[in-house]
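The numbers here are math on the coordinates, done by the rules we state, and not lab data. Bear in mind the structure is a predicted one, so any value in this text is a computation, not a measurement. Positions of Cβ are backbone-derived with ideal geometry, glycine not excepted, and every protein chain shown enters the neighbour counts.
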Amino acid sequence: MRTVIFANGTFDNPRQARELLRADDLIIAVDGGTRHAWTCGVDPQVVIGDLDSLTPDEQERLSSAGAKVSSFSPYKDRTDLELALLHAVSQGVDEIIVLAALGGRLDQTIANLLLLTLPELVDRDVQVVQGAQRAFVIRDEALIGGHPGDTVSLIPLGGDALGVTAQGLEWPLEDETLRFGPARGVSNVLRKRQASVRVRRGLLLCVVTRASDVGKSESES
C-alpha cells in the first residue's frame, strides 16, 4: 500500500505529480495541500491539519467528496505534515511519497526534511519528491537508482556517520567517516544506473537530483 501526501509548500510541477500518482494510492492532504491535490485532478481521502489554509467553501467541497477531515488545534506540538506522516503509518502503508514539502519558509523546509528521521518511519520507504530532486534517509544500507550523471549528496544527520561505504559513484567511499557539518558528501555523481550505500552507524540524508532536469523550468502544469 502506498500513500501520497500533498504538503502545503511550493508546488511547481503538477504534471510530474500526476505522473507519479496511481489509482490505488491513499491520498492525504496537509491542510492547504488540498489545493495541490485538486490541481492534479484528485480528491484527497484524508485531510489533516488545523485547516487555517482552507476556506469554508473548500472545506464544504471536501465534505461533499467524502473526505475524512482530521482537524487539530493550531496550538499543538507537531506540525501538520508530521501528523500526516504518523497517520499514514497508522494505516499500515509501507511506501510514502511526500510532495510540496519544500520552499517558502526555511525553517519549515528544514523541519520537513528532518521528519524523515522519525523512528516511526523505520523500515518504510519514505521519500520527499520536489521536481528533479528526491530525498530520503539511509539508516543502514540502500540502493540508489537513477541515471549516470545524476547528482547524489550524502549528508550526515544528528552527528557523524561512521563506516560509510558507497559504490557506483564518481567518488566512492570505503568504510569512511562523514563528519556532521562539513560538506564532503555533497555533489557526488552516479556513474551507472544504480549505486549502493552502507553506513555502520549514524544517519545519512540522501538527495538525488536528476541531471536531465537541471536548469529546466518546473512551471509546467
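Which is under 21 Å from GLY185 (Cβ atoms) and loosely packed, with under 15 Cβ neighbours inside 10 Å, of PRO148, PRO74?
Testing whether each residue is under 21 Å from GLY185 (Cβ atoms) and loosely packed, with under 15 Cβ neighbours inside 10 Å leaves just PRO148.
Looking at segment 111-133, can you tell me whether even one residue there is of a type in the set (D, E, K, R), in a loop (DSSP other than H, G, I, E, B) and within 27 Å of ILE27 (Cβ to Cβ)?
Checked against the condition, which is being of a type in the set (D, E, K, R), in a loop (DSSP other than H, G, I, E, B) and within 27 Å of ILE27 (Cβ to Cβ), segment 111-133 yields at least one hit.
Assuming ALA37 fulfils every condition listed in (1) outside any helix (DSSP H, G or I); (2) buried (at least 17 other Cβ atoms within 10 Å of the Cβ) apart from one, which condition is it?
Tallying (1) outside any helix (DSSP H, G or I); (2) buried (at least 17 other Cβ atoms within 10 Å of the Cβ), ALA37 fails exactly one: (1).
Report whether or not GLU60 is more than 19 Å from MET1 (Cβ to Cβ), surrounded by 15 or more Cβ atoms within 10 Å (Cβ to Cβ) and acidic (Asp, Glu).
no
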